[in-house]
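A.B. asks: This is the structure I have questions about; it appears just below.
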RNA sequence: GGUGCCAUAGCUCAGUUGGUAGAGCAAAGGACUGAAAAUCCUUGUGUCCGUGGUUCGAUUCCACGUGGCACCA
């Protein structure tokens, strides 16, 4: 059971819907700090392309877990779970409310529900598995997984190299099956989550995304990406808005094409986010413009809970 | 004004020797356990410009109309 008088307001929604703007207002109203849950705004070197909060926005509320990592550091949802939990425990010493804001569904779920413990990947092993994938294709890894963990072999998406590789990696590294780590944890949390989903009509959302991409270009996205070119192989930069500009800088596509691709890939990303949350029935959905309705909803939930 | 060409999915176009049609892109739907803004799977959405005519049957052939493009005046 969660502690009844501590609340985590979870503000989630697709990219470009207007989370940041609303989060500042909610932070003021509930006198709560903001904990970011955006898998790309963790990195301080990525600003324009991730719609990183402006200095002014950062000054409007206490912000945590934004820009606290470098793109050269390895980060994961498991690390986020631990970090965010520690942070929240501290916040709840003084506050009844905390605000979790972000669009990274897996990370949000890791914090709210917990996630199984996996060993930290061994970089050497991963490198050799990648090499193997490159040489033999996914077939070799599939075959290996079938021998190492037949249970998981039967349920994994065998066409998805990332999944198959990860499972083989865990098996080889630990000497255990990948599936033996999957316990589906229901971990105790020192707060009660209130899930507020933000959404708009698809057309409106896409229009906002297109406009935001144009604005990023005006703000100097190309320059930012140029500066990060030496780091392009880091996972953090395998990101919409960055990979397309890398292609442009390599002369593979025109700037126009890159911009169109960024728009398209951002739209697709937004759709994937919505798909992820569609199965979570605890989320109450709102248009971000209905601020007072959202506040009322949160306050009503707090009352019934106390 | 005259002549020619074109009109098919949201866009660019293919095609049907007459039996109501299919590619690419865009899009839609889905999966997801330490790479998640990642990675992967599935799906063709249509007054075939309009009105007549020929025909058992017209998106296809014919006529006219409408719109677009090109050339000539």
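Read-outs throughout are calculated quantities, based only on the coordinates presented, and are distinct from any laboratory measurement. For clarity, every value in this text was computed on a predicted model and none was experimentally measured. Here Cβ is always computed from backbone atoms with ideal geometry, including for glycine, and neighbour counts include all displayed protein chains.
A.B. asks: Residue A:164 passes all but one of (1) closer than 24 Å to residue A:71 by Cα; (2) near RNA strand B (Cβ under 10 Å from one of its atoms); which number fails?
C.D. replies: (1)
A.B. asks: Let me ask something else about it. If you scan the stretch A:94-132, which residues turn out to be assigned to a strand (DSSP E or B) and more than 11 Å from the chain's Cα centre (by Cα)?
C.D. replies: Hits for the stretch A:94-132 are A:97, A:98, A:99, A:100.
A.B. asks: Something else now. Report yes if some residue within the stretch A:110-124 is over 24 Å from residue A:176 (Cβ atoms) and near RNA strand B (Cβ under 7 Å from one of its atoms); otherwise report no.
C.D. replies: no
A.B. asks: Okay, moving on. Does residue A:145 satisfy the criteria of being touching a residue at least 40 places away in the same chain (Cβ under 8 Å) and under 23 Å from residue A:235 (Cβ atoms)?
C.D. replies: no
A.B. asks: Also, I was wondering about something else. Please go through the stretch A:16-50 and give me each residue that is touching a residue at least 40 places away in the same chain (Cβ under 8 Å), within 14 Å of RNA strand B (Cβ to nearest atom), outside any helix (DSSP H, G or I) and surrounded by fewer than 21 Cβ atoms within 10 Å (Cβ to Cβ), ordered by number.
C.D. replies: A:18, A:39, A:45, A:47
A.B. asks: Turning to a different aspect of this structure: Hey, can you tell me all the residues within the stretch A:59-70 that are outside any loop (DSSP other than H, G, I, E, B) and more than 15 Å from RNA strand B (Cβ to nearest atom)?
C.D. replies: Those that are outside any loop (DSSP other than H, G, I, E, B) and more than 15 Å from RNA strand B (Cβ to nearest atom): A:59, A:64.
A.B. asks: Another question, if that's okay. Restricting to the stretch A:86-105, and then to whatever is out of contact with any strand residue (DSSP E or B) (no Cβ under 6 Å at 6 or more places or on another chain) and without any contact (Cβ under 8 Å) to a residue 60 or more places away in the chain, can you tell me which residue is farthest from RNA strand B (Cβ to nearest atom)?
C.D. replies: Step by step, filter the stretch A:86-105, then rank; the result is A:94.
A.B. asks: While we're on this one: Please indicate, with yes or no, whether at least one residue in the stretch A:159-176 is farther than 21 Å from residue A:122 by Cα and surrounded by fewer than 19 Cβ atoms within 10 Å (Cβ to Cβ).
C.D. replies: Within the stretch A:159-176 (the criterion being farther than 21 Å from residue A:122 by Cα and surrounded by fewer than 19 Cβ atoms within 10 Å (Cβ to Cβ)), the answer is yes, since at least one residue qualifies.
A.B. asks: Can you name every one of the helices (runs of 4 or more DSSP H) wholly within the stretch A:185-303 that holds 1 or more residues which are within 14 Å of RNA strand B (Cβ to nearest atom) and under 20 Å from the mean Cα position of the chain (by Cα)?
C.D. replies: So the answer is A:202-218, A:243-249, A:255-278.
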